[in-house]
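The values are calculated or read from the model by the stated rules, or taken from the named source; none is laboratory data. If you're wondering where the values come from, they're calculated on a predicted model, not measured in any experiment. Ideal geometry is used to build each Cβ from the backbone, glycine not excepted, and the neighbour counts take in all protein chains shown.
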Amino acid sequence: MASLDDLKKRISSVKSTQKITKAMKMVAASKLRRAQESAEKGRPYSDKMNNIILNLSNSIIDKENSPKLLAGSGDDKVHLCIVMTSDRGLCGGFNTNIIKKAKLYFQKIIDAGKTLKIITVGSKGYDQLKRTYKENIIEKISFKESKNTNYFDADKVGKIIIEKFEKKEFDVCTIFYNQFKNVITQIPQEQQIIPLKATESEGNSSEDNYEFEPEEDEILSNLLPKNISTQIFKAMLENSASEQGSRMSAMDNATRNAGEMVDKLTIQYNRSRQAAITKELIEIISGAESL
Amino acid sequence: MSEQFNLEIVSPEKSFLKKDNVTEVVVPAFEGEMGILKDHISIISFLKPGIVRIMSDSKEENFYVDDGIVEFKDNSLSILTSNIFDIKNSDKVQIQEMIKQAEGDLENENLDDQKRYIISQKVEVLKSLSFN
């Protein structure tokens, strides 16, 4: 059995850990509020963008000659996956969930005999993937320095993707991120951005006849690269909200567990203290009796 | 008044401006300035760097946009733009910096004509702003 001193030390160490997790939870909670707000504010932009593109692609008659970003390169050989994770750990299953989802997809691609290329955004994703998929990772991007998620960063990623697409380095591009539902639920998502999949067309848009200026093709070829950055940005916003939410609940659990542990250790400490006292008493009494 | 329509400007970060009483909006569309009044036909167009003028009942507001897409449908106008600021509260230093950056971009020789045109537009508009 551990000595009283050891127990005391453990109790105080658990207590200080609890203090840290409590503080992290608080920080995450306040960051979450901001991240959630900006995720919600960012939604109209990406929704509108999606809508416009939907309208545009509906009105294009000559699908064969539509821009490559929309129609794809006509091939299905090389898949590029953008795995978006956080730069910091201690956020529960946040990163692992994305990686798990991504790995499933990777396996499918490799089993189908296609080439897999990976770009990781966020250092945690790279750390987890480099063991198995080292030679598949063609680029790792991390925005450790930027404090807030901003469009500028997303645009950088978008430009990299488009550049690679124009060089014909891949045919299909999919992004992986966590969608923020609420503090305890984040849903890992895979979303194909090149070629653009006609996402749940809401039907109401198809009847409208728009006038375009300049021509549809030209608008589309301008719009599609922007849409990619927008989708990345949306994913980044959702991700950062999810990260904070996930961290908050993870730290909440940790704080609670630490509390339970302190209680248990305290009881153990008290019991062994009592046992020691009793033992001493017995020794004194039996010593006195033997005289 | 019946000549009013809705306007919403959204940037990636947030919904920048929302109004339901504008009477006329002039946007720097790619093929020239375009004024939009109520009951305009549904249109989608994209913007080059320039100034968006918004006229409501009594006042006029001016915003600088870097790029963007406009969509007009059922008397509501949406402008999507990645960079927008109010000219009234614009920051001279920031504008100077943007000019410098754009001019730097122009020196890149691999630009295609369209991009070159857009960037030179940007420089022009920004310069005219900084002199006011």
(request) State all residues of segment A:81-129 that are farther than 22 Å from A:Glu243 by Cβ, β-branched (Val, Ile, Thr) and surrounded by fewer than 17 Cβ atoms within 10 Å (Cβ to Cβ); if no residue qualifies, say none. (result) A:Ile110, A:Thr115
(request) For residues that are in contact with a helix residue (DSSP H, G or I) (Cβ under 6 Å, 6 or more places away or on another chain) and either among the aromatic types (Phe, Trp, Tyr) or free of Cβ contacts under 8 Å to residues at least 24 places away in the same chain (or both), tally how many sit in segment A:89-124. (result) 1
(request) Could you list, in sequence order, all residues of segment A:87-108 that are touching a Ser or Thr at 6+ places or on another chain (Cβ under 8 Å) and closer than 15 Å to A:Ile175 by Cα? (result) A:Asn95, A:Ile98, A:Ile99, A:Lys103, A:Tyr105
(message) Against the conditions (1) among the small types (Gly, Ala, Ser); (2) over 25 Å from A:Tyr105 (Cβ atoms); (3) surrounded by fewer than 18 Cβ atoms within 10 Å (Cβ to Cβ), where does A:Ala35 fall short? Just the number, please.
(response) (3)
(request) With respect to A:Asp252, determine if the residue is free of Cβ contacts under 8 Å to residues at least 60 places away in the same chain and of a type in the set (Asp, Glu). (result) no
(request) Within segment B:3-25, track down each residue that is within 14 Å of chain A (Cβ to nearest Cβ), in a strand (DSSP E or B) and of a type outside the set (A, V, I, L, M). (result) B:Asn6, B:Glu8, B:Ser15, B:Phe16, B:Lys18
(request) Give A:Thr174, A:Thr132 a once-over and let me know the one that is surrounded by fewer than 23 Cβ atoms within 10 Å (Cβ to Cβ) and at pLDDT 90 or above. (result) A:Thr174
(message) Return the pair list, or none, for Cβ contacts closer than 6 Å from residues in segment B:30-57 that are within 13 Å of chain A (Cβ to nearest Cβ) to residues that are of a type in the set (Gly, Ala, Ser) and buried (at least 16 other Cβ atoms within 10 Å of the Cβ), at least 6 apart or on different chains.
(response) B:Ser45/B:Ala29; B:Leu47/B:Gly68
